[in-house]
Amino acid sequence: MLEPVKVGIGEYLSGFYASLVSTTKPMDEYIQRGVARSIAWAPSRMVDSAEEMLAAWQRNDTDSAPTRPPKLPVILVGMDQSYTPTAREYGAQIANSEKVIMPNDPKQRLFGLRTVFGDIRVQMVVAAADEPTARSIAAQLMLYMEAVPNRRVGYTTSFAGVSQYWVAMIESTDVPAAAIHTGVKNIVMLAVDITLKAQIPIYDAPKVGEPNDGKGVPGTDDPAGYPVVIRVDFDDKIMKQITTVSE
(Lines give C-alpha, C1' and ligand atoms only; values in the text may rest on other atoms or scores of the structure.)
Protein backbone atom coordinates (compact mmCIF):
# COMPACT_ATOMS: atom_id res chain seq x y z
CA MET A 1 0.00 0.00 0.00
CA LEU A 2 2.88 2.40 0.76
CA GLU A 3 4.97 1.38 -2.27
CA PRO A 4 3.74 4.36 -4.37
CA VAL A 5 4.96 6.72 -1.64
CA LYS A 6 8.32 4.94 -1.61
CA VAL A 7 8.61 5.40 -5.36
CA GLY A 8 7.70 9.06 -4.93
CA ILE A 9 10.47 9.51 -2.34
CA GLY A 10 12.95 8.01 -4.80
CA GLU A 11 11.87 10.46 -7.50
CA TYR A 12 12.05 13.31 -5.00
CA LEU A 13 15.63 12.44 -4.07
CA SER A 14 16.53 12.07 -7.74
CA GLY A 15 15.47 15.69 -8.15
CA PHE A 16 17.65 16.67 -5.20
CA TYR A 17 20.63 14.78 -6.63
CA ALA A 18 20.24 16.64 -9.93
CA SER A 19 20.38 19.94 -8.02
CA LEU A 20 23.62 19.21 -6.14
CA VAL A 21 26.51 21.62 -6.54
CA SER A 22 30.03 20.42 -5.83
CA THR A 23 31.81 22.21 -3.00
CA THR A 24 34.49 19.59 -2.27
CA LYS A 25 36.69 17.33 -4.39
CA PRO A 26 34.86 14.08 -3.44
CA MET A 27 31.59 15.63 -4.56
CA ASP A 28 32.92 15.97 -8.12
CA GLU A 29 32.94 12.20 -8.55
CA TYR A 30 29.70 11.81 -6.59
CA ILE A 31 27.78 14.15 -8.89
CA GLN A 32 29.13 12.43 -12.01
CA ARG A 33 28.49 8.90 -10.66
CA GLY A 34 24.76 8.93 -11.35
CA VAL A 35 21.82 8.72 -8.96
CA ALA A 36 21.44 4.92 -9.24
CA ARG A 37 24.92 4.47 -7.74
CA SER A 38 24.72 7.37 -5.28
CA ILE A 39 21.44 6.90 -3.36
CA ALA A 40 20.20 3.54 -2.06
CA TRP A 41 17.34 2.16 0.02
CA ALA A 42 18.02 0.47 3.35
CA PRO A 43 15.61 -1.99 5.04
CA SER A 44 14.41 0.49 7.69
CA ARG A 45 15.45 3.52 9.74
CA MET A 46 19.17 3.24 10.37
CA VAL A 47 20.18 5.05 13.57
CA ASP A 48 20.57 1.76 15.41
CA SER A 49 22.32 -0.05 12.57
CA ALA A 50 24.04 2.64 10.53
CA GLU A 51 27.39 0.88 10.55
CA GLU A 52 25.85 -2.36 9.23
CA MET A 53 23.94 -0.51 6.52
CA LEU A 54 27.09 1.27 5.37
CA ALA A 55 29.02 -2.01 5.29
CA ALA A 56 26.26 -3.59 3.20
CA TRP A 57 26.46 -0.68 0.77
CA GLN A 58 30.20 -1.01 0.44
CA ARG A 59 29.86 -4.74 -0.28
CA ASN A 60 27.26 -4.09 -2.95
CA ASP A 61 28.83 -4.39 -6.41
CA THR A 62 27.14 -1.42 -8.04
CA ASP A 63 29.92 -1.11 -10.63
CA SER A 64 30.08 -4.83 -11.58
CA ALA A 65 33.84 -4.49 -11.25
CA PRO A 66 36.43 -6.98 -9.96
CA THR A 67 37.46 -4.58 -7.19
CA ARG A 68 35.02 -2.83 -4.93
CA PRO A 69 36.46 0.27 -3.29
CA PRO A 70 34.26 2.07 -0.76
CA LYS A 71 31.75 4.10 -2.73
CA LEU A 72 31.58 7.32 -0.76
CA PRO A 73 29.91 9.68 -0.40
CA VAL A 74 26.49 8.02 -0.43
CA ILE A 75 22.96 8.68 0.79
CA LEU A 76 21.17 5.75 2.40
CA VAL A 77 17.40 6.06 2.78
CA GLY A 78 15.17 4.16 5.18
CA MET A 79 11.42 4.18 5.80
CA ASP A 80 10.19 3.39 9.31
CA GLN A 81 8.23 0.16 9.53
CA SER A 82 5.71 1.61 11.97
CA TYR A 83 2.51 3.38 10.95
CA THR A 84 0.75 6.20 12.81
CA PRO A 85 -2.52 7.86 11.75
CA THR A 86 -2.04 11.56 11.10
CA ALA A 87 -3.36 13.92 13.76
CA ARG A 88 -6.78 15.34 12.92
CA GLU A 89 -5.51 18.93 12.67
CA TYR A 90 -3.72 17.91 9.46
CA GLY A 91 -6.54 15.95 7.87
CA ALA A 92 -9.04 13.17 8.43
CA GLN A 93 -9.15 9.67 7.02
CA ILE A 94 -12.16 8.61 4.98
CA ALA A 95 -13.28 5.57 6.92
CA ASN A 96 -16.64 4.98 5.22
CA SER A 97 -16.57 3.95 1.58
CA GLU A 98 -17.67 6.87 -0.60
CA LYS A 99 -18.82 6.30 -4.17
CA VAL A 100 -16.64 8.16 -6.66
CA ILE A 101 -15.88 8.25 -10.38
CA MET A 102 -12.24 8.92 -11.23
CA PRO A 103 -12.17 11.89 -13.65
CA ASN A 104 -9.63 10.24 -15.97
CA ASP A 105 -11.36 6.84 -16.10
CA PRO A 106 -12.40 6.40 -19.76
CA LYS A 107 -15.17 4.00 -18.68
CA GLN A 108 -16.48 6.38 -16.01
CA ARG A 109 -17.06 3.54 -13.53
CA LEU A 110 -18.38 4.06 -10.02
CA PHE A 111 -16.04 2.70 -7.34
CA GLY A 112 -15.89 2.89 -3.57
CA LEU A 113 -13.13 4.97 -2.01
CA ARG A 114 -11.63 5.05 1.47
CA THR A 115 -8.35 6.71 2.42
CA VAL A 116 -5.80 6.21 5.13
CA PHE A 117 -3.99 9.35 6.27
CA GLY A 118 -0.77 8.48 8.05
CA ASP A 119 2.61 9.70 9.24
CA ILE A 120 5.48 8.09 7.37
CA ARG A 121 8.87 8.59 8.97
CA VAL A 122 11.81 8.67 6.60
CA GLN A 123 15.50 8.87 7.44
CA MET A 124 18.26 9.92 5.06
CA VAL A 125 21.82 9.21 6.14
CA VAL A 126 24.65 11.01 4.39
CA ALA A 127 27.94 9.13 4.64
CA ALA A 128 31.24 10.55 3.45
CA ALA A 129 34.93 10.11 4.09
CA ASP A 130 35.32 13.72 5.21
CA GLU A 131 33.27 16.15 7.24
CA PRO A 132 33.04 19.00 4.68
CA THR A 133 31.55 16.69 2.06
CA ALA A 134 29.01 15.13 4.42
CA ARG A 135 28.00 18.51 5.76
CA SER A 136 27.67 20.05 2.30
CA ILE A 137 25.41 17.28 1.01
CA ALA A 138 23.25 17.38 4.13
CA ALA A 139 23.01 21.18 4.05
CA GLN A 140 22.03 21.18 0.38
CA LEU A 141 19.41 18.49 1.07
CA MET A 142 17.79 20.66 3.72
CA LEU A 143 18.01 23.68 1.42
CA TYR A 144 16.28 21.66 -1.31
CA MET A 145 13.46 20.71 1.07
CA GLU A 146 13.06 24.34 2.13
CA ALA A 147 12.09 25.47 -1.40
CA VAL A 148 8.31 25.85 -1.58
CA PRO A 149 7.75 23.41 -4.49
CA ASN A 150 9.79 20.77 -2.65
CA ARG A 151 7.78 20.75 0.55
CA ARG A 152 5.60 18.09 -1.05
CA VAL A 153 6.45 14.61 -2.26
CA GLY A 154 4.36 13.50 -5.21
CA TYR A 155 3.40 9.89 -5.89
CA THR A 156 1.14 8.02 -8.28
CA THR A 157 -1.36 5.30 -7.40
CA SER A 158 -3.13 3.00 -9.84
CA PHE A 159 -6.46 1.19 -9.71
CA ALA A 160 -8.45 -0.38 -12.54
CA GLY A 161 -5.78 0.77 -14.97
CA VAL A 162 -6.30 4.41 -13.99
CA SER A 163 -3.45 6.42 -12.47
CA GLN A 164 -4.03 9.16 -9.90
CA TYR A 165 -1.49 11.71 -8.67
CA TRP A 166 -1.30 12.44 -4.94
CA VAL A 167 1.02 14.50 -2.75
CA ALA A 168 2.39 13.99 0.74
CA MET A 169 3.32 17.00 2.86
CA ILE A 170 6.65 17.22 4.67
CA GLU A 171 5.66 17.97 8.25
CA SER A 172 8.62 20.25 8.91
CA THR A 173 11.71 21.24 6.95
CA ASP A 174 13.27 22.69 10.09
CA VAL A 175 15.23 19.55 10.94
CA PRO A 176 18.89 19.05 11.94
CA ALA A 177 21.48 16.80 10.34
CA ALA A 178 22.46 14.82 13.43
CA ALA A 179 25.81 13.09 13.65
CA ILE A 180 25.72 9.31 14.01
CA HIS A 181 28.61 8.08 16.12
CA THR A 182 29.90 4.69 15.01
CA GLY A 183 33.09 2.72 15.38
CA VAL A 184 34.01 3.31 11.75
CA LYS A 185 37.13 5.43 11.40
CA ASN A 186 37.42 8.24 8.87
CA ILE A 187 33.73 8.15 7.98
CA VAL A 188 31.27 10.91 8.84
CA MET A 189 27.57 10.04 8.94
CA LEU A 190 24.78 12.61 9.29
CA ALA A 191 21.12 11.63 9.67
CA VAL A 192 18.20 13.77 8.47
CA ASP A 193 14.77 12.64 9.72
CA ILE A 194 11.50 13.84 8.20
CA THR A 195 7.85 12.91 8.57
CA LEU A 196 5.52 12.74 5.59
CA LYS A 197 1.78 13.31 5.95
CA ALA A 198 0.51 10.96 3.26
CA GLN A 199 -3.02 10.11 2.17
CA ILE A 200 -3.33 6.68 0.53
CA PRO A 201 -6.47 5.74 -1.45
CA ILE A 202 -8.11 2.32 -1.04
CA TYR A 203 -10.60 1.59 -3.80
CA ASP A 204 -13.20 -1.17 -3.87
CA ALA A 205 -15.39 -2.58 -6.64
CA PRO A 206 -18.17 -5.17 -6.95
CA LYS A 207 -17.03 -8.71 -6.25
CA VAL A 208 -17.76 -11.70 -8.45
CA GLY A 209 -21.51 -12.36 -8.41
CA GLU A 210 -22.45 -8.90 -7.13
CA PRO A 211 -24.48 -6.42 -9.21
CA ASN A 212 -22.26 -4.27 -11.42
CA ASP A 213 -22.35 -1.95 -14.41
CA GLY A 214 -20.92 -4.47 -16.88
CA LYS A 215 -18.04 -2.16 -17.83
CA GLY A 216 -15.36 -4.57 -16.63
CA VAL A 217 -14.75 -8.02 -15.20
CA PRO A 218 -15.15 -8.37 -11.41
CA GLY A 219 -12.15 -9.86 -9.63
CA THR A 220 -9.62 -8.70 -12.29
CA ASP A 221 -7.34 -5.70 -12.77
CA ASP A 222 -10.08 -4.23 -14.96
CA PRO A 223 -13.07 -4.45 -12.60
CA ALA A 224 -16.64 -3.46 -13.25
CA GLY A 225 -18.06 -0.53 -11.34
CA TYR A 226 -21.09 -0.34 -9.11
CA PRO A 227 -24.44 -0.06 -10.93
CA VAL A 228 -25.80 3.44 -11.32
CA VAL A 229 -29.22 4.85 -12.17
CA ILE A 230 -29.20 5.63 -15.89
CA ARG A 231 -32.84 6.71 -16.45
CA VAL A 232 -36.05 7.16 -14.49
CA ASP A 233 -39.30 6.61 -16.42
CA PHE A 234 -42.13 8.90 -15.35
CA ASP A 235 -45.67 7.64 -16.00
CA ASP A 236 -47.99 10.66 -16.06
CA LYS A 237 -51.18 8.51 -15.98
CA ILE A 238 -50.14 6.72 -12.80
CA MET A 239 -49.26 10.02 -11.12
CA LYS A 240 -52.71 11.44 -11.98
CA GLN A 241 -54.38 8.38 -10.44
CA ILE A 242 -52.31 8.77 -7.27
CA THR A 243 -53.24 12.45 -7.09
CA THR A 244 -56.97 11.68 -7.49
CA VAL A 245 -56.96 9.00 -4.78
CA SER A 246 -55.14 11.24 -2.35
CA GLU A 247 -57.67 14.01 -2.86
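Using the heavy atoms of the protein chains and a 1.4 angstrom probe, tell me the accessible area per residue for region 83-162 in square angstrom.
Values: 3880 Å² over 80 residues.
Accessible area per residue, region 83-162: 49 Å².
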* Structure fact -> One finds the C-alpha centres of region 161-189 and region 197-226 to be spaced, in Å, by 36 Å
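Using a 1.4 angstrom probe on heavy atoms only, work out the carbon and sulfur share of the accessible area of region 60-200 in %.
Details: 3770 of 7070 Å².
Of the solvent-accessible surface of region 60-200, carbon and sulfur hold 53 percent.
The values are calculated or read from the model by the stated rules, or taken from the named source; none is laboratory data. Since this is a predicted model, take the numbers as computed values, not measurements. Accessible surface areas use protein heavy atoms only, side chains included; no ligands, DNA or RNA. Shrake-Rupley method; radii C 1.70, N 1.55, O 1.52, S 1.80 Å.
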